[in-house]
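Single-structure report; data block below.
The values are calculated or read from the model by the stated rules, or taken from the named source; none is laboratory data. What you see is a predicted model; the values in this text were computed from it and never measured. Here the Cβ is made from the backbone with ideal geometry for all residues, glycine too, and neighbour counts use every protein chain on show. Accessible surface areas use protein heavy atoms only, side chains included; no ligands, DNA or RNA. Shrake-Rupley method; radii C 1.70, N 1.55, O 1.52, S 1.80 Å.
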Amino acid sequence: MSGRQLLVERIRDGTVIDHIPAGRALIVLRILGITGREGLRVAVVMNVESRKLGRKDIVKIENRHLSPEEVNKIALVAPTATINIVRGYEVVEKRKVELPETLENVLRCTNPTCITRKPREPVKPRFRLVSRRPVRLQCIYCGSIIDERDVLEQLVSGSG
Ligand SMILES: [Zn+2]
């Protein structure tokens, strides 16, 4: 970014989610439950040039930090993303999102007869990571595979 004009002003404190695959910024906001009505200053930059990705999206959110569960959800839809924590206009921490080998409670199994879907005494859903790109996960209990489409459907409609 040095020497080039910034598209949006810097934030003082908050989170910058960078290297989001182009076109996924709004999905990331959806996952975080950010609608704009919270009064937070949010900047969304879409389809800017990226050396690594060709094109990328960036989301900047002032005065908001992410929980580990939110970071996992972002990793599911934006595996290339980096999370920058900003304090006093400085990036104090920068890390890549990384999907854990097992994911608990974030997604539900698509198999209606799975033990995790039992109306009484359901077991917490748990998935094993089969592939990162494209993302594929397998239910530990029934073996059902859920793919990127299921993930997007659940994360985007589920949090509404
Ligand atoms: Zn299952």
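Within the option set Thr82, Thr116, being touching a strand residue (DSSP E or B) at 6+ places or on another chain (Cβ under 8 Å), of a type in the set (S, T, N, Q) and closer than 27 Å to Leu26 by Cβ holds for one residue only, Thr82.
Using the structure shown, decide if Lys56 is more than 16 Å from the ligand (Cβ to nearest atom), outside any loop (DSSP other than H, G, I, E, B), basic (Lys, Arg) and under 21 Å from Leu155 (Cβ atoms). It is true that Lys56 is more than 16 Å from the ligand (Cβ to nearest atom), outside any loop (DSSP other than H, G, I, E, B), basic (Lys, Arg) and under 21 Å from Leu155 (Cβ atoms). Being open to solvent by less than 50 Å² (accessible area, probe 1.4 Å) and either over 30 Å from Arg126 (Cα atoms) or modelled with pLDDT under 95 (or both) is a property that holds for Glu62.
The residues of the stretch 94-105 that are within 14 Å of the ligand (Cβ to nearest atom) and in contact (Cβ under 8 Å) with a residue 24 or more places away in the chain, listed by number, are Thr102, Leu103, Asn105. Looking across the stretch 20-72, the residues that are among the hydroxyl-bearing types (Ser, Thr, Tyr) and either touching a residue at least 40 places away in the same chain (Cβ under 8 Å) or out of contact with any strand residue (DSSP E or B) (no Cβ under 9 Å at 6 or more places or on another chain) (or both) come down to Thr35, Ser67. Of all residues in the stretch 116-160, those being within 8 Å of the ligand (Cβ to nearest atom) and surrounded by 15 or more Cβ atoms within 10 Å (Cβ to Cβ) number 7.
The rows are residues; the columns are (1) β-branched (Val, Ile, Thr); (2) buried (at least 20 other Cβ atoms within 10 Å of the Cβ).
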| position | (1), (2) |
| --- | --- |
| Leu26 | no, no |
| Gly33 | no, no |
| Arg37 | no, no |
| Arg41 | no, no |
| Met46 | no, no |
| Glu49 | no, no |
| Leu66 | no, no |
| Ile74 | yes, yes |
| Thr80 | yes, no |
